[in-house]
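The values are calculated or read from the model by the stated rules, or taken from the named source; none is laboratory data. This structure is a prediction, so every number in the text was calculated from the model and none was measured. Please note: Cβ atoms are built from the backbone with ideal geometry, for glycine as well, and neighbour counts cover all protein chains shown.
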Amino acid sequence: MRGHEPFVKARQSGRKPAEFVLVELAPWPRDREYRAGRIFVEASDAIDRLDLRFLVGCDVLVSGSDAPRVERLYTALQRHKARRVIANCGRVKGGNGTLDFVLDTEEVLTWKKD
């Protein structure tokens, strides 16, 4: 997991993000502007072993293209007491987007492809 350090420091000083924390199941990008303010969970990261305590009470938005890993991270964030978790799984291929599912702990944005 990369990009989480600023969030950990903020929480240690008593601050909590006011907006959704963006977590992407993707490799750490080279583009500094793109990665700013995002957390990246890479393919080599064991989701069940991640220390996500810094997200207790936070709203988290997860995105990725590997359905089992998206679902595992969604579950892990709930276990670590994130306030709300929205997770979407999809991909862009040839300029066309495909959305497989959206999970929402508040069940407002939940959607599963038939």
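Key figures for this structure:
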quantity: Candidates ARG11, ARG38, ARG53, ARG84 - the one that is in contact with a Gly (Cβ under 8 Å, 6 or more places away or on another chain), touching a residue at least 24 places away in the same chain (Cβ under 8 Å) and not aliphatic (A, V, I, L, M); calculated: ARG38
quantity: Any chance GLY37 is closer than 28 Å to GLY97 by Cβ and out of contact with any Asp or Glu (no Cβ under 8 Å at 6 or more places or on another chain); calculated: yes
quantity: Strands (runs of 3 or more DSSP E) fully within segment 1-108 counting 2 or more residues that are loosely packed, with under 14 Cβ neighbours inside 10 Å; calculated: 84-93, 96-104
quantity: Count - residues of segment 3-23 that are more than 12 Å from the chain's Cα centre (by Cα) and either polar (S, T, N, Q) or under 20 Å from VAL41 (Cβ atoms) (or both); calculated: 11
quantity: Neighbours by Cβ (under 8 Å, 6+ apart or cross-chain): first from segment 87-114, closer than 15 Å to PRO68 by Cβ; second modelled with pLDDT under 90 and among the aromatic types (Phe, Trp, Tyr); calculated: PHE101/TRP111
quantity: Per-region count, segment 88-114, residues polar (S, T, N, Q) and either under 18 Å from ARG72 (Cα atoms) or touching a Leu at 6+ places or on another chain (Cβ under 9 Å) (or both); calculated: 3
